[in-house]
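I have placed the structure first, in the form of structure tokens, so that the comments after it can refer back to it.
The values are calculated or read from the model by the stated rules, or taken from the named source; none is laboratory data. Owing to the predicted nature of the structure, the values given are computational and were not obtained by experimental measurement. Here the Cβ is made from the backbone with ideal geometry for all residues, glycine too, and neighbour counts use every protein chain on show.
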Amino acid sequence: MPVARYRAANLAMWDESVDIHVRSDFYGVDRFKAGETTLEPMEPAEMDDVRGKSLLHLQCHFGMDTLSWAREGAIVTGIDFSSAAIQAASRLSEESGVPGRFVESELYDASEVLDEKFDVVYTGIGALCWLPDIRGWSRVVGHFLKPGGVFYILEGHPMMWTLADETAEDPMHIAWPYFETTQPQNPDGWINEEDYSQTGEKLQNTRTFSWGHGLGEIVTALIDEGLRIEFLHEHRVCGWRAFPWMVKGEDGMWRVPNHPERLPLMWSLRAVKEA
Ligand SMILES: C[S@@+](CC[C@H](N)C(=O)[O-])C[C@H]1O[C@@H](n2cnc3c(N)ncnc32)[C@H](O)[C@@H]1O
């Protein structure tokens, strides 16, 4: 199947999921409107001070994380290939009174619709797995950063995404590729009757395709774009229940039961574009 067909299937699912997510308790639009941030605790702690800085959020979905950075003081722009997501993000900005600009664009074509550079480029959880080509992604990151600009990412760990699903006999065994492959991780696609926001609403567009990218592949691709890595953290905690076997700690974060030291669940990185 050509990449365009995988992309079309993914876009149909993302377009359809936006309304469900806006209504879901998982995303908590009401809580956001009441002033809650949707950023994970380590994000503002690890990111530079963003006050007064222009910030580009790649794959922004319906803008809650983007607007949370605006609440931290950034002047924010979000891009996403889903027109439904971009409309919902603009609506959320208006309704919450938190300023933000939202632009519909395929990630790989973003330089065709945005003709400017940013102080900060940001990517949040659940973004990279939808991209077939990590080097194409790192070129986009490098393109949009001003010299001296900061790139920050928090993501699900690629090792976690190699694990078998919850229905397998041993859900902790490795079932899917770690490294980037030409074909999606599961060439047949993932079938999800419902999406991860668990509202119980059924999806029409149930089949999606995703790709693994090894941590070394990601980091090396960023270095090759002239980014100097300041840190790479691998986290024992996960911001959401990615697998049913995860246990929740008092801090609200999810962990591997009994042996959190055995598997990284998220990673974060900050880098500066060399002048
Ligand atoms: C899990 S969401 C990111 C979520 C974000 N961290 C949040 O929870 O608000 C992934 C986003 O990537 C977008 N996306 C997927 N493939 C894309 C592509 N090729 N170009 C641009 N956006 C894409 C989807 O539309 C979706 O909004």
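Residue-wise test of (1) more than 20 Å from F26 (Cβ to Cβ); (2) buried (at least 20 other Cβ atoms within 10 Å of the Cβ); (3) near the ligand (Cβ under 10 Å from one of its atoms).
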| position | (1), (2), (3) |
| --- | --- |
| G52 | yes, no, no |
| L56 | yes, yes, no |
| G63 | no, yes, yes |
| A70 | yes, yes, no |
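Inspection of the stretch 204-211 identifies no residue that is in contact with a Pro (Cβ under 6 Å, 6 or more places away or on another chain), at pLDDT 95 or above and not in a loop (DSSP other than H, G, I, E, B).
Taking I86, is it more than 30 Å from R255 (Cβ to Cβ), of a type in the set (V, I, T) and more than 14 Å from the ligand (Cβ to nearest atom)? When the stated conditions are applied, I86 does not pass them. For the stretch 143-191, a residue qualifies if it is closer than 23 Å to M42 by Cβ and part of a loop (DSSP other than H, G, I, E, B), and the qualifying residues are H157, P158, M159. Note on the stretch 233-275: residues that are surrounded by 15 or more Cβ atoms within 10 Å (Cβ to Cβ), not polar (S, T, N, Q) and not in a loop (DSSP other than H, G, I, E, B) amount to 12.
When you look at A110, is it farther than 19 Å from C238 by Cβ, near the ligand (Cβ under 10 Å from one of its atoms), out of contact with any strand residue (DSSP E or B) (no Cβ under 9 Å at 6 or more places or on another chain) and hydrophobic (A, V, I, L, M, F, W, C), yes or no? No.
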